Amino acid sequence: MLNFELYNPTRLFFGKGQIQEITNQIKPDANILLVYGGGSIFKNGVYDQVIKALEGKTVTEFGGVEPNPRFETLSKALQVIHNENIDFILGVGGGSVIDGVKFLSAAAYYSGNPIDIVQKKMNVDWKAMPYGAVLTLPATGSEMNSGAVVTIEETKEKLSFQGEPLYPQFSVCDPTVISSLPQRQIANGIADSFVHVLEQYLTYPQDTPLQDRFAEGILSTLIEVAPAVLADASNYEAASTYMWCCTMALNGLISKGVMQDWVTHAIGHELTALYGIDHARTLAIIGPNLYRVMLDTKKDKLVQLGHRVFNINEGTTNERALLTIEKMEEFFHSLGIQTKLSQYTEDYLKAAEFIKNRFEERGWLAMGEKKNITPTHIKEIVTMSY
Ligand code: NZQ
Ligand code: ZN
């Protein structure tokens with residue numbers, strides 16, 4: 001196990017009715033910017049609950065943060081922050097809104113050009129504006145981590161940045177909010193959190209039995225709960241389990257003491273930037289093929305995953321590893337998620353070369369847990385995903 005430091009300052013309120021807690025979490029004299037997405041919160045009662053909890057406080061609203069939040073849109077919100085002397089931000093939405101708020105939090109007191117935060121993938125180590133979040137879509141774990149992903153529309157770049165000051169001060173996870181989610185978004189949330197676990201777990205044996213069991217526990221629980229939550233999003237027990245899995249998949253705990261991969265995400269972000277494919281679906285397209293191409297590095301963990309999560313107990317190491325990847329794909333299919341790029345766009349043939357070149361330009365020449373994923377591998381992975 002590698003040395004590690006564990007720090008997570010987010011106060012998490014989990015459960016039915018917890019939105020009202022935000023009343024106590026924001027100072028009475030705060031000047032608040034309430035940030036939300038395209039309007040789902042108006043239809044499902046979340047907006048009303050938030051407004052009630054903010055009664056008596058000074059609130060300015062900024063709506064219209066789109067999925068895969070854009071720098072260009074967020075720049076308008078940043079202007080509002082400066083014009084209105086905002087000193088606290090409350091994000092109400094899915095990962096896109098919360099990530100957008102993280103950008104605003106980082107940019108609010110940044111003296112340089114805010115585009116650099118995204119384009120240079122900066123480590124935010126300056127004072128950030130405090131913010132809280134009300135999560136409406138379990139998927140990203142953004143409600144309890146310090147990372148964010150923002151798209152620069154002009155250059156079609158989708159890039160992540162992070163920093164310790166970017167943890168939410170508090171987050172509310174009320175599982176009842178998912179009852180208004182379309183099936184597509186629930187499937188996305190399950191697949192995204194599933195792959196978050198894989199990015200941290202599916203590497204090579206690292207003598208970390210507890211981290212492994214945490215990871216396998218989340219994967220098994222997601223597989224178990226998926227049919228129930230897809231069948232009935234108002235099933236509170238299923239919704240709670242799904243929501244908690246998503247938070248635990250990416251709040252920093254299971255990554256402690258291990259080398260991680262994250263190349264599936266890096267490639268996936270390019271597919272979203274190029275074609276607008278939902279984040280989670282890009283992961284279902286790329287992940288299985290990355291595991292195939294990097295089989296030599298990953299086969300021992302694939303066999304362990306197959307044994308403990310998919311009950312695969314027979315065959316040679318390679319057979320078991322490959323069967324595990326197939327089971328994973330079957331799981332994505334069971335969620336209604338297609339795993340071939342050509343099923344999402346007709347314009348897929350340019351992807352492999354484009355992404356390979358982009359990674360080379362950025363100097364991303366040796367990636368993954370063993371720094372052995374090269375641009376040649378990237379091209380092979382993407383081509384295999386056509
Ligand atoms: O905008 P509104 O109208 O709210 O509608 C949203 C949006 O259209 C809708 N929605 C959200 N909650 C709803 C709802 N509809 C009905 N009822 C509700 N309760 O769902 C749509 C998608 O929302 P979005 O926030 O884009 O989805 P998600 O949470 O999957 O976030 C995806 C973004 O997060 C990034 C992704 O790259 C992508 O940009 N990620 C962030 C991470 C992080 N910060 O740690 C890690 C992830 O790997 C991921 O990269
Ligand atoms: Zn993700």
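Each value in this text was obtained by applying a stated rule to the coordinates, not by laboratory testing. Model, not experiment: these values are computed from the prediction. For neighbour counting, all protein chains shown are included, and Cβ atoms are generated from backbone atoms with ideal geometry for every residue, glycine included.
Quick notes on this one:
- Couplings 3J(HN,Hα) of the range 209-222, computed from phi: x, 6, 4, 4, 5, 4, 4, 4, x, 5, 4, 4, 5, 4 Hz, in residue order, whole Hz [Karplus 6.51 cos²θ - 1.76 cosθ + 1.60, θ = phi - 60°; x for Gly and Pro].
- Sorting Ile337, Ile178 by the number of Cβ atoms found within 10 Å of their own Cβ, with the fewest placed first, yields Ile337, Ile178.
- Taking every DSSP beta bridge that has both ends in the chain, the antiparallel portion is near 20%.
- Structure note, pairs Lys57/Lys120; Lys27/Lys52; Lys76/Lys156; Lys298/Lys340; Lys158/Lys327: Cα-Cα distances above 25 angstrom occur for Lys57/Lys120; Lys158/Lys327.
- Longest site-free stretch - the chain; sites: GluC sites (Glu not before Pro), DSSP loop, at most 11 other Cβ within 10 Å: 155-313
- Across the range 224-229, rounded Karplus estimates of 3J(HN,Hα) from the backbone phi angles (6.51 cos²θ - 1.76 cosθ + 1.60, θ = phi - 60°) give 5, 8, 3, x, 5, 6 Hz, Gly and Pro being marked x.
- For the range 342-352, 3J(HN,Hα) computed residue by residue from phi via the Karplus equation (6.51, -1.76, 1.60; θ = phi - 60°) reads 5, 7, 10, 8, 7, 9, 7, 5, 7, 4, 4 Hz, glycine and proline entered as x.
- In this rough spin-label picture, where each label sits 7 Å from Cα along the Cβ direction, the Leu2-Glu61 distance is 4.4 nm.
- Here r is the Cβ-Cβ distance between Asn85 and Asn113 and R0 is 35 Å; the resulting FRET efficiency, rounded to 0.05, is 0.95.
- Extension reserve of the Lys370-Met384 stretch, reckoned as 0.36 nm per residue once the Cα distance is removed: 2.9 nm
- Annotation for the range 49-141: trypsin sites (Lys or Arg not before Pro) lying in DSSP loop with at most 13 further Cβ atoms inside 10 Å of their Cβ are Lys120, Lys121, Lys127.
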